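Working notes, beginning with the structure itself.
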Protein chains: 4
Amino acid sequence: VAPPNRSADPSGSLVRQTAETARLTAFSDGVLAVAITLLVLDLKVPRVGAGRLAHTLLEQWPSYAAYVTSFLVIGIMWINHHSIFRVVARVDRQLMFLNLLLLMVIVTIPFSTSLVAEYLLHSGINGKIAMAVYSAVTFVVGLIFGALWGYALAHPYLLEPTVDVDAARRTWPRFAAGTAIYAALIVVSLLNVLVALALHLAVAVYYAFERLTVSPQAPEAAS
Amino acid sequence: VAPPNRSADPSGSLVRQTAETARLTAFSDGVLAVAITLLVLDLKVPRVGAGRLAHTLLEQWPSYAAYVTSFLVIGIMWINHHSIFRVVARVDRQLMFLNLLLLMVIVTIPFSTSLVAEYLLHSGINGKIAMAVYSAVTFVVGLIFGALWGYALAHPYLLEPTVDVDAARRTWPRFAAGTAIYAALIVVSLLNVLVALALHLAVAVYYAFERLTVSPQAPEAAS
Amino acid sequence: VAPPNRSADPSGSLVRQTAETARLTAFSDGVLAVAITLLVLDLKVPRVGAGRLAHTLLEQWPSYAAYVTSFLVIGIMWINHHSIFRVVARVDRQLMFLNLLLLMVIVTIPFSTSLVAEYLLHSGINGKIAMAVYSAVTFVVGLIFGALWGYALAHPYLLEPTVDVDAARRTWPRFAAGTAIYAALIVVSLLNVLVALALHLAVAVYYAFERLTVSPQAPEAAS
Amino acid sequence: VAPPNRSADPSGSLVRQTAETARLTAFSDGVLAVAITLLVLDLKVPRVGAGRLAHTLLEQWPSYAAYVTSFLVIGIMWINHHSIFRVVARVDRQLMFLNLLLLMVIVTIPFSTSLVAEYLLHSGINGKIAMAVYSAVTFVVGLIFGALWGYALAHPYLLEPTVDVDAARRTWPRFAAGTAIYAALIVVSLLNVLVALALHLAVAVYYAFERLTVSPQAPEAAS
């Protein structure tokens, strides 16, 4: 089934087969697994006097809230990455570069998480800036996911031959809508920090159960 | 053998095949491998004056005790995870979310380990709080493992077709019993910190040799 | 097709098959995935007074510039590693040792990145030394890549039988040319630190789209 | 070919097939890849005044020497692990526990490396203690490797059916000899720290080219 698709490759830069896609996803999985686990480094052991440990641990709740939110946020990004590459059979240099950009931004999430944990309870503009940086990172991730998925849809010879390309293309607006949510969360971050963090958590849980792409077996199921 | 099982999927949310289970376990393995290795960051190089190194290194024994215990605790969680996903052939969104929650709690173990290493020898309530937090984390891991295994057992179309579902379901009470041990260790932590740590080590070694689930080849062997 | 090649093994040290190459690349992928993700540890959360966070975060731009550059640099090294091992079917002890040396130098990149982020804006010789160390590390990586690829080309029984060895050998001078660029960047580092960093970024982006080795399917495509 | 071997399983605890060995080695590879990469955290960026960076970086040579040595030491342990599990087809609980102990000790090497880097140039007993701890860790790794390989040899139903068990058993004394070298290095550490570190490096390079186990294709080649 592949030959007619391959002949449609206009740039001649198609360099990989399905086995190559497997190594790309394995590398991406490794990066995402390390990034999600590095979140634990934001949980700090407090040094306190006698009898103060329980109280101080409870006072650190912004760290735990940021940890839980970011763990689910990166987890959902992994599921999303996974969903896209289930229907991508081949990878060209452009797709590989977009994937590298995607990982580059996701890997900064332990940093923006730490920023939120440090400044969440600060009054004034510092907390809002920290939360807006956090939201902006997720927004950029959304943009790159949209570009990557859009690039694959625009070059159907990269997709599994069993994919219904028209049905798959109808999923793209929902991708863009997800990115718009993250844009809105930048604004919310500047208005109310705690509401913005809670919304990030809610969006992550929502996307854990809501599928954005097509399945290779039944493309129309997601339309 | 799969079709009759698949038609039993009431929610229609069944999205993956065995190959998908493989990527879920590969990601989980990556997260667990990073988490278990980050435990070494709790071993600190002391800065001491001339001739004091050997003494100071020996004084740091709570760090080593916490390291050894947590390495085996996470190692046994990996074996346990492994045992469950050997008989799970398909993954739906609910199972994927439970798995993400499971990893989220396990990944905090380097933090609770560091807490125990820091406060193990503190007299008064701080050491007990640290140890109780450690026990509570393992208890929550046990709860989520029980929920995940229970969910899979309640939805047998997710299991390998060769699994004897009735035999597999008879293993669930033993899972719950394991979780009860961790609940008891929270209480022990508040009574005697060193006994609680020793019991955690003993439980980990015990479970290293004791199987909790069924094998796909011979389901009745574990009943 | 393999037997005639195997009989050409002069040293008798040929110990692995394609499955072994797979485990070597999986281990290398793991190391590279951890190294690229550890770059995030160079992004530090500043501790600032009220209203100063946005300003301080912007002042940290050398950290972000170093992060982006090194993420792409290591990413391109991964792609490069990947390209070589797609045409390497067998691994002997010499190749395994060269691969270990390669990883040993690549893994230091988070250190040289941190050095550049710290000293980029320092006037005087410190910034130039930091940038020269960074360039020297990439130069040594280039040297080892050249040695590894040259070793494989000199021992064609290690290559996939479908590879056109003569065409593959014609790619080696381009490898050497890439290494010469990194040598030149050591000199540029001592002249102008910011230009050197920008050139590193440009070279990484260039190599993201430019292939250096042959493909096993169409060896002549890269000549 | 497997059935006669399997019937020789005296304990009835044989729980895994070759696919299970694959997941064990994948997890072990992940742990070793993280541990070897964490060595970079021992390379510290110095904070120095104008014009002092080159000098201070050169003064840090013990960190680089410890880094290079430990990278090769862990790399050779990975190759060694690899060599053993190429001929192990099945894993029982005892072997899985020995493997977990092995990883537990190897993962501490970034700590003992940091200890050596910190105290290498200290006169008096501190440097010797640091180096002796380093040697003791490698010695314990050797002991556990010997136990693991010995356990597999004593239970040949765990091995690949193509392995010549008698030839494989003749490799065990060479394993034990390797461990004796590490025992001797503990003594050398207490006599001369720099000689001990240089010998660790030399032993690692030697073992990179010297094979300790048998190959599944040609078991007699290693006898």
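The values are calculated or read from the model by the stated rules, or taken from the named source; none is laboratory data. Everything numeric here is computed off the predicted structure, so don't read it as measured data. Note: ideal-geometry Cβ built from the backbone for every residue, glycine included; neighbour counts use all protein chains shown. Note: areas computed on protein heavy atoms with side chains; ligands, DNA, RNA excluded. Shrake-Rupley method; radii C 1.70, N 1.55, O 1.52, S 1.80 Å.
Of all the accessible heavy-atom surface of the protein assembly as shown, with the other protein chains kept in place and a 1.4 Å probe, what percent is carbon and sulfur? Ligands and nucleic acids excluded, carbon and sulfur reach 66 percent. Within the same chain, lysines fewer than 8 places from A:Lys44 are excluded, and of the rest, those with a Cα less than 17 Å from its Cα are B:Lys44, C:Lys44. Taking all Cα pairs closer than 8 Å and separated by 6 or more residues, the relative contact order of the range B:47-167 comes to 33 percent. A Gaussian network model of chain B, with springs between Cα atoms under 10 Å, assigns the largest mean-square fluctuation among B:Thr113, B:Thr37, B:Thr25 to B:Thr37.
Taking every C-alpha pair closer than 8 Å and separated by at least 6 residues, the mean separation divided by the residue count of chain C gives a relative contact order of 26 percent.
Once the 1.4 Å probe is applied to the protein heavy atoms, the protein assembly as shown comes out at 35 Å² accessible per residue.
For the residues C:Leu53, C:Leu98, C:Leu159, a GNM of chain C with alpha-carbon springs under 10 Å puts the largest fluctuation on C:Leu53. What would the Debye formula give as log10 I(q)/I(0) at q = 0.10, 0.14, 0.18 Å⁻¹ for the alpha-carbon point model of chain B, no solvent? One equal scatterer on each Cα of chain B leads to -0.51, -0.87, -1.25. Interface of C with D. Using a 1.4 Å probe and counting protein heavy atoms only, the two chains hide about 3300 Å² of accessible surface, both sides summed. Of the residues B:Val165, B:Ala132, B:Phe145, the one whose Cα sits farthest towards the positive end of the charge dipole of chain B is B:Ala132 (charges of +1 on Lys and Arg Cβ, -1 on Asp and Glu Cβ, taken about the Cα centre). Angle between the Cα long axis of helix A:109-119 and the longest principal axis of chain A, 0 to 90 degrees, nearest 10? Tilt of helix A:109-119: around 20 degrees.
Is the shape of the protein assembly as shown rounded, prolate or oblate, going by the alpha carbon gyration tensor and its root eigenvalues a ≥ b ≥ c, with a/c under 1.5 for rounded and a/b larger than b/c for prolate? Since a/c stays below 1.5, the shape of the protein assembly as shown is classed as rounded. Placing unit charges on the Cβ atoms of the charged side chains and taking the dipole of chain D about its Cα centre, the candidate lying farthest along the positive direction among D:Leu38, D:Gly51, D:Val195 is D:Gly51. Spatially, the range D:92-126 and the range C:139-157 are offset by 32 Å when compared through their Cα centroids. Between 0 and 90 degrees, the angle of helix C:18-38 with respect to the longest Cα principal axis of chain C falls at about 0 degrees. Here the Gaussian network model covers chain D, with springs between Cα atoms less than 10 Å apart; of D:Ala54, D:Ala22, D:Ala196, D:Ala54 fluctuates the most.
Need the per-residue list for the range B:42-74: every residue with at least 20 Å² less accessible surface in the complex of protein chains than in the chain by itself, probe 1.4 Å, sorted by number. In the range B:42-74, residues shielded by partner chains: B:Leu43, B:Val45, B:Arg47, B:Val48, B:Gly51, B:Leu53, B:Ala54, B:Leu57, B:Tyr67, B:Val68, B:Phe71, B:Leu72. So how tilted is helix D:125-154 from the main axis of chain D? Cα-based, degrees 0 to 90, rounded to 10. Once rounded, the angle reads 10 degrees.
Per-residue ellipticity at 222 nm from helix content only, as computed over chain B with -39500 (n - 2.57) for each DSSP H run of at least four residues, stands at -23500 deg cm²/dmol.
For the peptide A:103-115, the mean number of other protein chain Cβ atoms found within 10 angstrom of a residue's Cβ is 5. Across the protein chains, with a 1.4 Å probe defining accessible surface, the residues D:Thr56, D:Thr171 rank D:Thr56, D:Thr171 from largest area downward.
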